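Bear in mind that the values in this text are calculations on the coordinates, not laboratory data. These figures come from a predicted structure and were not determined experimentally. Neighbour counts are summed over all protein chains in view; Cβ atoms, including those assigned to glycine, are modelled from backbone coordinates with ideal geometry.
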Amino acid sequence: MVDEQQDQINEEKYKVMLISRRKRKELKEIEVYLNNKPLEQVNTLKYLRIIIDNKFKFSEHISYAPERRRKTNSQLIQIGQSFMGPQT
């Protein structure tokens, strides 16, 4: 059963990120392996529609959220117009 589950894991979907607010003098690169394949290290990632960066600040998410909201509102307006017709 375990071997079957390992065959189904797509290593390309997994990323690794080192989160710290400290200013490090040592190397910031880490090596993490899944099924003997190295995972890509990233500085930001999206988890549950929240963008997190490696300093655990949300500045990128704060700038992204209004843009996403505008797109969603535009899509909802288009759906509403297709069902109810344009409003005059």
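Remark: the residue 11-residue 64 segment gains 16.4 nm on full extension, using 0.36 nm per residue and subtracting the alpha carbon distance. Measuring against 22 Å, Cα to Cα, the residue pairs 15/71; 13/71; 15/57 contain 15/71; 13/71 as the ones spanning a longer distance.
How about the stretch 30-88: which GluC sites (Glu not before Pro) there lie in a loop by DSSP and see at most 14 other Cβ atoms within 10 Å? For GluC sites (Glu not before Pro) across the stretch 30-88 that sit outside H, G, I, E and B with at most 14 neighbouring Cβ atoms in 10 Å, the list reads 31. The phi torsions of the stretch 66-83, fed into the Karplus equation with coefficients 6.51, -1.76 and 1.60 and a -60° offset, translate into couplings of x, 5, 5, 5, 4, 5, 5, 4, 4, 5, 5, 4, 4, 5, x, 5, 6, 8 Hz, rounded to whole numbers, with Gly and Pro shown as x.
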